[in-house]
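The values are calculated or read from the model by the stated rules, or taken from the named source; none is laboratory data. Everything numeric here is computed off the predicted structure, so don't read it as measured data. Virtual Cβ from ideal backbone geometry, glycine too; neighbours counted across all protein chains shown.
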Amino acid sequence: MGADKPRRVTATPAALDLIFRLQQQYGPVLFHQSGGCCDGSSPMCYQQTDFIVGDHDVKLGEIAGAPVYISAQQFGVWRHTQLTIDVVPGRGGMFSLENGTEWRFLTRSRTFSSAELRALDIVPPPDRGD
């Protein structure tokens, strides 16, 4: 994205470290922000060759060269938030590549400011004080 638009997805240094390790082991990876079902709302990490991006998935951006996608329906709900991929100790998602590393990816989020929403061409709610 351009310098004037905020990034829709970022990653913490710890998450970047794990992503780099997974890329060394598996090659190119991608993330899909899960919408529930088996693994709750965890960001799922897959080898790029093992995941078919859906016609209605939205690309949020890239972290460490790994594209990050979300379903269009979820994007509609979360379009006003910036997602940050982080890691915490624990077991990874059942189908996610970090499973077995004793770390798991976790999504943190923050609401974009009114100025950021305008930069993203999203009309902010009228009563926001930022």
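Quick notes on this structure:
- Residues located in region 15-30, provided they are among the hydrophobic types (A, V, I, L, M, F, W, C) and more than 30 Å from SER114 (Cβ to Cβ): LEU18, ILE19, PHE20, LEU22, VAL29, LEU30
Here's the yes/no breakdown for (1) at pLDDT below 95; (2) out of contact with any strand residue (DSSP E or B) (no Cβ under 7 Å at 6 or more places or on another chain); (3) among the aliphatic types (A, V, I, L, M); (4) not in a loop (DSSP other than H, G, I, E, B):
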position: ASP4; (1), (2), (3), (4): yes, yes, no, no
position: ASP17; (1), (2), (3), (4): no, yes, no, yes
position: GLY35; (1), (2), (3), (4): yes, no, no, no
position: CYS38; (1), (2), (3), (4): yes, yes, no, yes
position: ILE52; (1), (2), (3), (4): yes, yes, yes, no
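- Top-ranked residue of region 59-91 - restricted to ones that are of a type in the set (A, V, I, L, M) and more than 11 Å from the chain's Cα centre (by Cα), ranked as farthest from ILE19 (Cα to Cα): VAL77
- Residues (surrounded by fewer than 13 Cβ atoms within 10 Å (Cβ to Cβ) and assigned to a strand (DSSP E or B)) located in region 54-92: VAL88, PRO89
- For PHE112, the conditions (1) of a type outside the set (A, V, I, L, M); (2) at pLDDT below 95; (3) closer than 27 Å to VAL123 by Cβ all hold with the exception of (2).
- Meets criteria (among the hydroxyl-bearing types (Ser, Thr, Tyr), crowded, with 17+ Cβ neighbours inside 10 Å and in contact (Cβ under 8 Å) with a residue 12 or more places away in the chain) for TYR46: yes
- Failed item in (1) farther than 15 Å from TRP103 by Cα; (2) at pLDDT 95 or above, with PRO13 passing the rest: (1)
- Residue, farthest from GLN74 (Cα to Cα), within region 19-33, restricted to residues that are at pLDDT 95 or above, crowded, with 17+ Cβ neighbours inside 10 Å and touching a helix residue (DSSP H, G or I) at 6+ places or on another chain (Cβ under 9 Å): VAL29
- A Cβ distance below 7 Å, combined with a sequence gap of six or more or placement on separate chains, defines the contacts here; from region 6-30, residues that are over 16 Å from GLU62 (Cβ atoms) reach residues that are outside any loop (DSSP other than H, G, I, E, B) in the pairs ALA14/ASP86; ALA14/VAL87; TYR26/GLN47.
- Residue ID - surrounded by the fewest Cβ atoms within 10 Å (Cβ to Cβ), chosen from residues in region 93-111 that are in contact with a Cys (Cβ under 8 Å, 6 or more places away or on another chain) and part of a loop (DSSP other than H, G, I, E, B): MET94
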